[in-house]
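Just below is one structure, and these are the notes that go with it.
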Amino acid sequence: MSSALIVARYALREAVRRRVILVVVFLTVCFLALYALGCAVTFHEVDALGDGSQIDQRVLTGSTLLGLAMFTTLFLGAVLAVFLTLGAVRGDAERGLLQPLVVRPVGRTSLLLGRFAGAAAVCALYVAVMYSAAVLITGISGDWWPDRGVGAGIGLVVAVVVIAAISLLGSIFLSSTANGIAVFMLFGAGLAAGLLGQIGDALAVQTLQDVAKVSSWLLPFEALYQAGLHGLTADTSGITGVIVQLGPFGGAQEAGSGLWVWTVVYLALVGAGARAAFARRDL
Amino acid sequence: MPAALRCDSLAKRYGATVALGGVDLEVAPGELLGLLGPNGAGKSTLTKIACGLVRATDGRAEVEGAPAGSAEARAAIGYLAELFRFPDWLTADELLALHQDLSGSEGGPNERSELLELVGLADARDTKVAAMSKGMQQRLGIAQALVGSPRLLMLDEPTSALDPVGRRVVRDLLRELRERGIAVVLSSHLLSEVELVCDRVAILLGGRIVAQGTPDELAQPRGVEVETGEGVRSFPEATRDQVPAIVAELVQSGERVYGVRILGSTLEDAYLEAVGAA
């Protein structure tokens with residue numbers, strides 16, 4: 001078995017046995033139960049209102065609710081990604097957990113790669129399951145399905161993987177607590193920049209649009225999330241399409257293939273930076 | 001056969017702080033070296049450089065002929081840190097299995113059982129680390145360091161949390177390892193432990209070796225005391241070889257001799273003298 005796979009398997013087992021996973025599972029179950037109740041009630045109310053307008057109310061309701069579920073999925077996925085990686089290097093070294101592993105002939109690069117693969121696998125699986133559950137609940141409750149559901153889910157999964165990579169890089173330089181705070185601040189900053197971009201688009205303010213664009217390059221998880229949101233109603237047209245774009249979770253930016261290419265390059269750059277920094281770090 | 005550990009002018013600086021200031025040291029295969037020195041003397045830094053955890057600023061360190069930190073060197077080394085922790089969700093057996101995987105050991109369950117037996121943890125095979133006392137964890141740490149049959153064992157304060165019985169177990173283990181040809185570098189503050197088991201001792205102070213030799217070599221003669229009928233007579237410059245002549249002279253001059261005591265310093269005396277705290 002290759003060294004990175006051994007470490008990844010260890011990281012997976014560690015993730016499953018840590019209490020944070022129980023907290024995340026509990027929160028997830030609570031959220032999905034409330035979400036199912038919310039969907040059932042909301043679609044029932046929408047049906048009761050009747051269909052007297054030119055707006056497809058099922059599309060509007062479904063996309064808004066699923067957009068909310070995607071935000072929650074992104075947030076919980078980010079929590080999981082950060083908690084699985086925030087102390088991977090400096091935190092573990094300070095606690096004396098890392099040195100016995102690094103002394104083995106496994107190599108620091110493999111160790112880092114394995115930690116990332118383990119955390120990314122857990123987060124990706126979690127996000128995929130939670131997003132799929134939300135899509136199913138929305139579809140069964142309201143008979144509405146997203147236009148490009150698979151693409152939206154992949155965007156969300158990759159967004160959380162990017163957050164895991166950023167957190168792993170931060171763990172080389174910062175102690176566990178400092179890294180956790182820093183990554184959550186970056187997470188918040190990325191989302192805030194996205195909202196500013198939406199406001200900039202609505203009001204045609206170039207500066208806000210520029211801020212959003214730069215932040216999307218620096219923190220591509222936000223752009224991936226926006227691309228996922230856009231996929232929900234990508235093929236919706238007419239007045240409904242316009243209204244959906246104005247909603248709090250529907251006013252998202254479409255991503256071109258450039259975003260996916262940049263995400264791959266970004267992950268490679270973060271990985272190279274982490275490898276170089278870890279190789280030079282005294283433990 | 002290359003030295004188990006060889007350091008040439010090994011230096012490490014952290015900014016303006018000199019942790020190691022040019023250390024020359026050689027540990028032969030199967031040799032048990034005690035590394036002594038006060039806190040901050042550079043013992044842990046030296047150990048960590050040998051293990052590839054810290055990069056030297058200058059000089060060179062080799063393990064079994066391979067540069068310290070290389071995959072070959074790390075494959076030949078076993079290490080127990082002074083401040084270590086193991087994942088508390090693993091059992092003793094799972095921890096050793098993990099280190100077997102990481103070190104490429106093909107020893108399987110037999111190696112794990114043998115190692116747990118060796119450190120007196122045969123009954124704790126399925127005990128989680130979280131349920132172990134500090135002493136048990138330290139013994140598990142020694143077993144972990146021995147996974148993959150290393151040629152050089154670097155132990156940083158391996159008996160600090162052990163009770164007298166546990167220390168005895170570790171002492172016996174170290175002697176057994178020596179018989180198997182495994183070199184051991186034992187960093188410790190427990191001078192009596194070092195004196196009991198080590199072939200050679202190196203004393204570090206301020207990042208430099210200020211004394212080294214066998215415990216007997218480091219222990220200096222301190223004269224001879226002769227108990228006579230008129231009280232104890234001291235001969236501070238005398239050596240063991242001069243005792244018969246001293247006794248003969250005293251008897252010849254009419255004194256009654258009841259006993260002779262040859263005085264020598266202990267390793268502790270030698271240590272305190274070397275670090276300037278006597």
For this session: Give the Cα extents of the stretch A:147-231 along the principal axes, in whole Å, largest first.
Result: 41, 33, 15
Problem set entry | Extent along principal axes [Cα atoms of the stretch B:173-278; Å; largest to smallest] | 56, 33, 19
Problem set entry | Euclidean distance of C-alpha centroids, the stretch A:22-59 and the stretch A:188-218, integer Å | 29 Å
Exercise. Computed over the Cα atoms, what is the radius of gyration of chain A divided by 2.2 N^0.38 Å, N being its residue count?
Worked result: 1.08
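Given a Förster distance of 30 angstrom, what is the FRET efficiency for A:Ser257 paired with A:Asp210, based on the Cβ-Cβ distance and rounded to 0.05?
Working: r = 22 Å, r/R0 = 0.74.
Result of the calculation: an efficiency of 0.85.
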Exercise. So how do A:Leu203, A:Leu27 line up by other beta-carbon neighbours within 10 Å, fewest first?
Worked result: A:Leu203, A:Leu27
For this session: Jot down the radius of gyration and Dmax of the stretch B:74-210, Cα atoms only, both in angstrom.
Result: 14.7, 46
Exercise. Using the Karplus equation 6.51 cos²θ - 1.76 cosθ + 1.60 (θ = phi - 60°), what ³J(HN,Hα) coupling, rounded to whole Hz, does each residue of the stretch A:159-164 give in order, writing x for Gly and Pro?
Worked result: 4, 6, 5, 4, 4, 4
Exercise. If the label point is 7 Å along Cα→Cβ of A:Met185, which residues in the stretch A:152-169 have backbone nitrogen under 15 Å from it?
Worked result: A:167
Exercise. How many nm is it between the label spots at A:Ser237 and B:Glu237, if each spot is 7 Å from the Cα in line with the beta carbon?
Worked result: 11.5 nm
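Could you compute the FRET efficiency for B:Met1 and B:Asp216, with r as their C-beta to C-beta distance and R0 at 30 Å, rounded to 0.05? The partial results should precede the final answer.
Working: r = 26 Å, r/R0 = 0.86.
Using R0 = 30 Å, I get an efficiency of 0.70.
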Problem set entry | Among beta bridges that DSSP assigns inside the protein assembly as shown, antiparallel share in %, nearest 5 | 65 percent
Seminar exercise, completed: Karplus-derived 3J(HN,Hα) from phi for the stretch A:262-279 (6.51 cos²θ - 1.76 cosθ + 1.60, θ = phi - 60°), whole Hz, x at Gly and Pro, runs 4, 4, 5, 5, 4, 4, 5, 5, 4, x, 5, x, 5, 4, 5, 5, 5, 5
Seminar exercise, completed: Computed from every Cα-Cα pair in the protein assembly as shown, P(r) in 20 Å bins starting at 0 and rounded to whole percents is 18, 37, 24, 14, 5, 2, 0
For this session: Please give the FRET efficiency for A:Val29 paired with A:Ile140, using the beta carbon to beta carbon distance and R0 = 30 Å, rounded to the nearest 0.05.
Result: 0.95
For this session: Quick one: compute the contact order of chain A, relative version, from alpha carbon pairs under 8 angstrom and 6+ residues apart, as a percent.
Result: 25 percent
For this session: Compare A:Gln99, A:Gln226, A:Gln198 in a GNM of chain A, Cα atoms joined below 10 Å, and give the one with the largest fluctuation.
Result: A:Gln99
Exercise. Measuring from centroid to centroid over Cα atoms, what is the spacing of the stretch B:141-193 and the stretch A:115-139 in Å?
Worked result: 47 Å
Seminar exercise, completed: Which residues qualify? For B:Leu263, with a placed amide H closer than 5 Å and at least 5 residues away or on another chain, they are B:Arg222, B:Gly223, B:Val224, B:Glu225
For this session: Give the relative contact order (percent, whole number) for the stretch B:1-133; include only Cα pairs under 8 Å separated by 6+ residues.
Result: 20 percent
For this session: Rank the residues A:Val270, A:Val150 as a footprinting-exposure proxy: fewest other Cβ atoms within 10 Å of their Cβ go first.
Result: A:Val150, A:Val270
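Ranking B:Lys134, B:Lys128 by Cβ neighbours within 10 Å, fewest first, what do you get?
Working: B:Lys134 10, B:Lys128 16.
Neighbour counts put them in this order, fewest first: B:Lys134, B:Lys128.
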Exercise. For the stretch A:11-85, what's the radius of gyration and Dmax over Cα atoms, in angstrom?
Worked result: 17.1, 55
Exercise. Can you tell me the Rg and Dmax of the stretch B:219-274, counting just the alpha carbons, in angstroms?
Worked result: 13.0, 42
Exercise. Where the Cα atoms of the stretch A:93-215 are projected onto their three principal axes, how long is each span, largest first, in whole Å?
Worked result: 54, 41, 21
Exercise. Over all Cα pairs of chain B, how is the pair count split among 5 Å bins, expressed in % and running from 0 up to the last occupied bin?
Worked result: 1, 6, 11, 14, 15, 13, 11, 8, 6, 4, 4, 3, 2, 1, 0, 0
Seminar exercise, completed: Rounded to the nearest 5, the percent of antiparallel DSSP beta bridges in chain B equals 65 percent
Problem set entry | Cα centroid of the stretch B:55-105 to Cα centroid of the stretch B:1-32, whole Å | 18 Å
Problem set entry | Dipole of the protein assembly as shown, positive end: most advanced residue of A:Ala133, A:Ser237, A:Gly107 [Cβ charges, Cα centre] | A:Ser237
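We did not get these values from a lab; they are worked out from the coordinates using the rules stated. Keep in mind the model is a prediction, meaning the values are calculated, not measured. Ideal geometry is used to build each Cβ from the backbone, glycine not excepted, and the neighbour counts take in all protein chains shown.
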